[in-house]
Amino acid sequence: MYFKRFLQLFVIYLIAVLVFLSLVASNFLQNKIVTVVVAIIISYIILTLPLVILTIVKAKKKENIVGSQSQSGELTQILKDLPGYIAFSYQNSQGQLSTTIMSFVQSTKEENVLYMVAEKETRKAKDLDGNTNVAFTTWFEKLDNGKRLSSNQATAQIFIGSDNQSIIDEQPQVLDVHENALNMAIIKVTIQSALYESFKDDLKVLKFD
């Protein structure tokens, strides 16, 4: 937990406690037991509602800043019309497949490079350390256009520790994925080729050197 979020939670918790104590002390329902029960319910609402709102606001903010970051290229134009989230698939050393939803940012220098962030101790971080072949797909953003990008011709590199600073210095938008990316695992996905599908456009294969 980071200091900003800790401070937010502490303030909300403090307000909830003060409201509870004030309501109980006032005995506004003229019945101690009923007053305590109602005070608990009101305090719980005060405690949880701001947390829900903060979570939604953070998710919306993240949704608006992740995704395409490059300035030019056909892949960039496609990514601009798609959400900044992908279904990311990888396998472990035993060949077992896993798929997870992850947010990404595009490299500003290489349009076929995406960056993602994960906790260092997660299964995906450990599995990707020895298995570089990965696949991903977006989903249909809108039913009227059916745009989707997918690839099973991609490789992943995972960076932990001292390498992270150089990546962030070169690609500071990685911090948009997670503000603590410096202390986490940064996943760099390089796309060799991708398939673009749409209800309105012809099927298209994008290849990169």
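The table below gives the values:
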| item | result |
| --- | --- |
| Single residue of Lys147, Lys126 found to be touching a Ser or Thr at 6+ places or on another chain (Cβ under 7 Å) and among the charged types (D, E, K, R) | Lys147 |
| Elements of type helices (runs of 4 or more DSSP H) contained in the stretch 59-171, each with 2 or more residues being surrounded by fewer than 14 Cβ atoms within 10 Å (Cβ to Cβ), at pLDDT 90 or above and not β-branched (Val, Ile, Thr) | 162-170 |
| Residue within the stretch 178-191 that is more than 18 Å from Phe104 (Cα to Cα) and in a loop (DSSP other than H, G, I, E, B) present | no |
| Where Lys120 falls short, out of the listed (1) closer than 24 Å to Asp209 by Cα; (2) in contact (Cβ under 8 Å) with a residue 60 or more places away in the chain | (1) |
| Which numbered condition Ile42 fails, given (1) modelled with pLDDT under 90; (2) surrounded by 12 or more Cβ atoms within 10 Å (Cβ to Cβ); (3) assigned to a helix (DSSP H, G or I) | (1) |
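The values are calculated or read from the model by the stated rules, or taken from the named source; none is laboratory data. Everything quoted here is computed from the prediction, not taken from an experiment. Quick reminder, even Gly has a Cβ in these numbers, built from the backbone with ideal geometry, and neighbours come from all protein chains shown.
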